[in-house]
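Here's the structure we're looking at; comments come further down.
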Amino acid sequence: MNEPTKAPPAAAGRAATKKELPEHFKAYKHVWVFIEQERGQVHSVSWELMGAGRKLADKLKVDLAAVVIGPPGEAVQHAAAESFCYGADLAYIVADDVLTDYRNEAYTKALTDVVNTYKPEILLLGATTLGRDLAGSVATTLLTGLTADCTELDVDADGSLAATRPTFGGSLLCTIYTLNYRPQMATVRPRVMPMPERVENPATRIIEHKLGLVEEDIVTKVLSFIPDRDSAKSNLAYADVVVAGGLGLGSPENFQLVKGLAAVLGAEFGCSRPLVQKGWVTSDRQIGQTGKTIRPKLYIAAGISGAIQHRVGVEGADLIVAINTDKNAPIFDFAHVGIVTDAIRLLPALTEAFRARLSPHSRDRIAS
């Protein structure tokens, strides 16, 4: 009698090494987005993540939920209701006086309680100062994986979250999976994901979760709130027009040409990472994976080579104009318009041309 033929071994790779999801994690379903709000203002990255979360939920055929944490009152209720206008199927609210100001201990307790009770399979947070602090603490408490500063989110054929981010100093892009733990967590920086269209929708399903925490249980105390005096100086992430310079400009003095063109266009100015490292420009003006992510209508890059870590910070721009003496510079691979010339000569000419053609009032409308 012939022996049965054995099947060939499975191909090596991620699928071949995947373990069976533990039984207690199989009940975890749905996609959640943490709605970040402070002093009644929702951070716009939350709505950007609702758009990304909606796509993931549709692929998985599950619900998209918003999670709103804060003090009792109109602001929390409004944020929850507004989430339905950005695609939410339901919203969870944790409202308590101990959540008036952000404190890691209280917010971690609130978010982990809701996760353990209602069991989402994916949890997304904005990679803001608050979001980064909270995400790391929540992931550690839940003993799950967290992929930070993602540039792309997707789900693979077996429903696992595929979170892509730059690595090795921005020289490579890697996709990370949290295969055998739940929830699968990721943070995304502001302006990485496009803002979804707001569509008026009624607030249908809202679940209020009680927080079993009293002030005496919290070590950290907020004595006062002092706004950052410099917080409004740079608005790179939300500018419609951005002009930036790189090492190709040759000297700090030549960077003034970037500022001059930006002033004529009514634009924000920025730079690549090497200029910050050399001390030519302050870090709040850095564009790229380790700086700001921008999505302007017009981006002019002068003397910037276009390495991956810079590319992921600008590729959401509607129109990218690159100026570089090196015709093989990587930036020409993704720029919409490429000009092979010396930016030091071209920038003054552009500035004068725009100054002659633009009235002070039309500068406000240049992006459109």
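The values are calculated or read from the model by the stated rules, or taken from the named source; none is laboratory data. Bear in mind that the values here come from a model prediction, so they are computed numbers and not experimental data. Please note: Cβ atoms are built from the backbone with ideal geometry, for glycine as well, and neighbour counts cover all protein chains shown. The accessibility values were calculated without ligands, DNA or RNA, using every heavy atom of the protein model including side chains. Shrake-Rupley method; radii C 1.70, N 1.55, O 1.52, S 1.80 Å.
Checked against (1) modelled with pLDDT under 95; (2) crowded, with 17+ Cβ neighbours inside 10 Å; (3) among the charged types (D, E, K, R), R39 passes all but a single condition, namely (2).
When A301 is tested against (1) in contact with a strand residue (DSSP E or B) (Cβ under 6 Å, 6 or more places away or on another chain); (2) under 17 Å from R191 (Cα atoms); (3) not basic (K, R), only condition (2) is not met.
Do we find that A27 is modelled with pLDDT under 95, open to solvent by 10 Å² or more (accessible area, probe 1.4 Å) and in contact with a Lys or Arg (Cβ under 8 Å, 6 or more places away or on another chain) in this structure?
Criteria met by A27.
Going by the conditions given, is Y92 within 24 Å of D133 (Cα to Cα), in contact with a strand residue (DSSP E or B) (Cβ under 9 Å, 6 or more places away or on another chain) and open to solvent by 10 Å² or more (accessible area, probe 1.4 Å)?
It is true that Y92 is within 24 Å of D133 (Cα to Cα), in contact with a strand residue (DSSP E or B) (Cβ under 9 Å, 6 or more places away or on another chain) and open to solvent by 10 Å² or more (accessible area, probe 1.4 Å).
The single condition among (1) modelled with pLDDT under 95; (2) of a type outside the set (F, W, Y); (3) closer than 24 Å to L172 by Cβ; (4) not in a helix (DSSP H, G or I) that S368 does not satisfy is (3).
When V214 is tested against (1) open to solvent by less than 60 Å² (accessible area, probe 1.4 Å); (2) aliphatic (A, V, I, L, M); (3) over 28 Å from the mean Cα position of the chain (by Cα), exactly one condition is not met: (1). Looking only at residues of the stretch 74-99 that are touching a residue at least 60 places away in the same chain (Cβ under 8 Å) and part of a loop (DSSP other than H, G, I, E, B), we find that the one that is farthest from W32 (Cα to Cα) is D96. The criterion of at least 2 residues that are open to solvent by 10 Å² or more (accessible area, probe 1.4 Å) and of a type outside the set (G, A, S) is met, among strands (runs of 3 or more DSSP E) falling completely within the stretch 147-188, by 152-155, 161-167, 172-176. Looking only at residues of the stretch 217-228 that are assigned to a loop (DSSP other than H, G, I, E, B) and closer than 9 Å to A106 by Cβ, we find that the one that is least open to solvent (accessible area, probe 1.4 Å) is I218. Just one of the listed residues (A239, A317) is over 24 Å from L172 (Cβ atoms) and out of contact with any helix residue (DSSP H, G or I) (no Cβ under 8 Å at 6 or more places or on another chain), namely A239.
Picking from residues in the stretch 56-72 that are outside any strand (DSSP E or B) and in contact (Cβ under 8 Å) with a residue 24 or more places away in the chain, the one that is most open to solvent (accessible area, probe 1.4 Å) is K59. Filtering the stretch 109-126 to residues that are surrounded by fewer than 20 Cβ atoms within 10 Å (Cβ to Cβ) and touching a helix residue (DSSP H, G or I) at 6+ places or on another chain (Cβ under 9 Å) leaves T112, N116, K119.
Filtered by the rule that a residue be of a type in the set (A, V, I, L, M), open to solvent by 30 Å² or more (accessible area, probe 1.4 Å) and under 30 Å from Q289 (Cα atoms), the stretch 189-211 gives a lone residue, M195. Could you tell me whether A7 is modelled with pLDDT under 95, assigned to a loop (DSSP other than H, G, I, E, B), of a type in the set (G, A, S) and open to solvent by 10 Å² or more (accessible area, probe 1.4 Å)? Taking the combined requirement at face value, the residue satisfies it. Residues in the stretch 201-215 that are assigned to a loop (DSSP other than H, G, I, E, B) and touching a strand residue (DSSP E or B) at 6+ places or on another chain (Cβ under 9 Å): A203, T204, H209, K210, L211.
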